[in-house]
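My questions will all concern the structure given below.
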Amino acid sequence: MSIWSPISWKTKPITQDVRYEDPKEVEDVVAALGRLPPLVTSWEVERLRELLAEAQQGRRFLLQGGDCAESLSDCRSDIITNRQKIILQMSLVLIHGGHRPVIRVGRIAGQYAKPRSKPTEVRGGVELPSYFGDLVNRPEFTPEARRADPKLLLACYHHAAMTLNFVRSLSDGGFADVHHPEYWDLSFFRQAAVPGELREEYEQTTRKLSEALRFMEALGERTVADLSRVDFYTSHEGLNLHYESAQTRQVPWREGWYDLTTHLPWIGERTRALDGAHVEFFRGIRNPVGVKLGPSVSPEDAVRLAEALNPDNEPGKLVLITRMGAQKVADALPPVVEAMRRAGRLVLWVCDPMHGNTVSTSSGIKTRNFQEVLREVEQSFDVHEKLGSYLGGVHFELTGEDVTECVGGAVGITEQDLERNYATLCDPRLNYRQALEMSFHIARRMSRLPRAPRP
Ligand code: PEP
Ligand code: CO
């Protein structure tokens, strides 16, 4: 392999590239970004790698979730708080069902860049560049808004820093009430769509969870403080390599390079070409790295990707996020899992049940069906169980708001409801109640897993 540097990606073919008008302006912004302090630290990144290594051994479970496209205007205390809350609540349900600690990772504080299937968008006969996320341009359909603006790289850095500052404060004790399920909105239990025995089971889970948390609290004050101080990590798609490489640096007393825009960057389904710029960039950093794998990936390519991104086969380094779709997962996933095992590669398997299950309604609205999303998760558990591997995490697009973007779930969102509060700038997200309900289903499936191996 050729010599790696934070800018060696520039010598490789790049997909989803951004066409900036003025390269000098990009250079100046990248230099400014490089001088600013990092958003995360190398010791947090190393800690996450250790946790992911334990998840690979079946001892932890990863919950990754957040917006499809984070936006500058969503950098608001209510939206951030609600998103943190739902992730925390889901994690408690999963810990209870799965008997394992949960690693919480948000798609947050940097999820500003979006790959698009078409470079341009046509509305009423007018053609403009597509919206590529707030890191690149703005969603309004005007020529000014859709121009790729390098200054947005800095604006997003600043918003990521503000978001992260608030997330860190919240994690540091701001969530005492979340530890009491009696305060959660569990109204979906009472929906007619939830059969009687399931409702009873859910109510029992909530009761047991409350008791367990109260017991923990009763153990002593230190435990209460520890309980409300939760670890939380960030992730985003590492799509814009100007942004990623600008914040990639060496730190004293450690070897290698760290991408300090986030703890866990991932490579998207559209940019994971083996000889491409994204694989080149991400093979050189110490962070754990995720890669999305869709149904078209060949087992051989998946293994080559694992070799390229984790040449020394280090534990905790590589997260494979499969997003096959409920229709395809049963056929497409097993050969990839088997190939990886034959090649002796250490990976953490995570299921993203969102991106293979996007459909359009007859009126052209993008949505996802709760039942199909759940079906992909359940089938992924089945595949891994059958093959003796471990599904070590799930990856969701979700929000803590009461949006109407995905259909189904006990709250029964229909296609007609979609227009009521369809707020996403890109893909449809589970809303608060759908996300919480999903966690109860997953916890139920996880309760059948073998107990976690002892360290
Ligand atoms: C995403 O996670 O928002 C995304 C674009 O996913 P994928 O690369 O799997 O299509
Ligand atoms: Co998405």
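The values are calculated or read from the model by the stated rules, or taken from the named source; none is laboratory data. As the structure is a prediction and not an experimental result, all values here were calculated from the model. Here Cβ is always computed from backbone atoms with ideal geometry, including for glycine, and neighbour counts include all displayed protein chains. Just the protein is used for accessible areas: all its heavy atoms, side chains included, with ligands, DNA and RNA removed. Shrake-Rupley method; radii C 1.70, N 1.55, O 1.52, S 1.80 Å.
Over 26 Å between C-alpha atoms is what I'm after, so list which of 151/366; 118/366; 292/328; 12/114 land there.
151/366
Taking R0 as 30 Å, what's the FRET efficiency between residue 44 and residue 182 from their Cβ-Cβ distance, rounded to 0.05?
0.35
Compare 352, 78 by solvent-accessible area with a 1.4 Å probe and give them largest first, with all protein chains kept in place.
Sorted by accessible area, descending: 78, 352.
Additional query: Got the relative contact order for the chain handy, in percent, Cα pairs under 8 Å and 6 or more residues apart?
22
Right, here's the next one. Please report the net charge: other residues with Cβ closer than 9 Å to the Cβ of residue 357, K and R +1, D and E -1.
Here the count lands on +1.
Applying a 10 Å radius around every beta-carbon, put 200-208, 358-366 in order of their mean neighbour count, most first.
Top of the packing list down: 200-208, 358-366.
Then there is this: Quote the relative contact order of the stretch 356-417 in percent (integer), defining contacts as alpha-carbon pairs under 8 Å separated by 6+ residues.
Answer for the stretch 356-417 is 34 percent.
Would you please give the residues with an amide H less than 5 Å from that of residue 62, counting only those at least 5 places away or on a separate chain, with H modeled from the backbone geometry?
Amide H neighbours of residue 62: 103, 393, 394.
Assign one of three labels to the stretch 85-128, namely rounded, prolate or oblate, based on the Cα gyration tensor with a ≥ b ≥ c the square roots of its eigenvalues; rounded applies when a/c is under 1.5, prolate when it is not and a/b is larger than b/c, and oblate otherwise.
Prolate, since a/c reaches 1.5 and a/b exceeds b/c.
If the label point is 7 Å along Cα→Cβ of residue 212, which residues in the stretch 58-100 have backbone nitrogen under 12 Å from it?
91-100
Need the full-extension length gain, residue 414 to residue 22, defined as separation in residues times 0.36 nm minus the C-alpha distance. One decimal, nm.
136.5 nm
Roughly how many Å is it from the Cα centre of the stretch 136-194 to that of the stretch 403-422, as a whole number?
20
Quick check: at a probe of 1.4 Å, how many percent of the accessible area of the chain sits on carbon and sulfur atoms? Walk me through the numbers before you get to the answer.
On the way: 9670 of 19130 Å².
Answer for the chain: carbon and sulfur cover 51 percent of the accessible area.
Percentage of Cα-Cα pair distances in the chain greater than 30 Å, rounded to whole percent? Mind showing how you got there, number by number?
Values: 43640 of 103285 pairs.
The share of Cα pairs beyond 30 Å in the chain comes to 42 percent.
Also, quick follow-up: Quick one: helix 23-35 against the long Cα principal axis of the chain, what's the angle to the nearest 10°, folded into 0 to 90?
Helix 23-35 and the main axis of the chain meet at about 50 degrees.
For residue 208, which lysines qualify as cross-link partners when the Cα separation must be under 23 Å and same-chain residues fewer than eight apart are set aside?
Straight-distance partners of residue 208: 85.
By the 4.7 Å beta carbon criterion, which cysteine residues of the chain come out unpaired?
If one checks each Cβ against the other cysteines of the chain, 75, 156, 351, 406 turn up with nothing under 4.7 Å.
If N is the number of residues in the stretch 43-125, what value comes out of its Cα radius of gyration divided by 2.2 N^0.38 Å?
Taking N as the residue count of the stretch 43-125, the ratio is 1.43.
Using +1 at the C-beta of Lys and Arg and -1 at the C-beta of Asp and Glu, which of 340, 64, 32 has the Cα lying farthest in the positive direction of the dipole of the chain?
With unit charges placed on the Cβ atoms, the residue in question is 340.
Once you place label points 7 Å from the Cα toward the Cβ at residue 231 and residue 82, how far apart are they in nm?
In this crude label model, residue 231 to residue 82 measures out at 2.9 nm.
For the chain, find the longest principal axis of its Cα atoms and tell me its angle to the long axis of helix 370-387, 0 to 90°, nearest 10.
Roughly 90 degrees, rounded to the nearest 10.
Give me the Kirkwood hydrodynamic radius of the stretch 347-392 in Å, from all C-alpha pairs, to one decimal place?
Values: mean 1/r = 0.0853 Å⁻¹.
Here the Kirkwood hydrodynamic radius works out to 11.7 Å.
Further, regarding this structure: Hey, how much of the P(r) for the stretch 349-438 falls beyond 14 Å, as a percent of Cα pairs?
For the stretch 349-438, the fraction of Cα-Cα distances above 14 Å is 63 percent.
Can you tell me the accessible area per residue over the stretch 1-151, all protein chains present, probe 1.4 angstrom, in square angstrom? Mind showing how you got there, number by number?
Details: 6580 Å² over 151 residues.
For the stretch 1-151, the per-residue accessible area is 44 Å².
Still on this model: What percent do you get for the relative contact order of the stretch 1-123 when only Cα pairs under 8 Å and 6+ apart count?
Details: 68 pairs, mean separation 33.6, N = 123.
Dividing the mean separation by the residue count of the stretch 1-123 yields 27 percent.
Let me ask something else. What angle do you read, to the nearest 10 degrees and between 0 and 90, between the alpha-carbon axis of helix 299-309 and the longest principal axis of the chain?
Once rounded, one gets 70 degrees.
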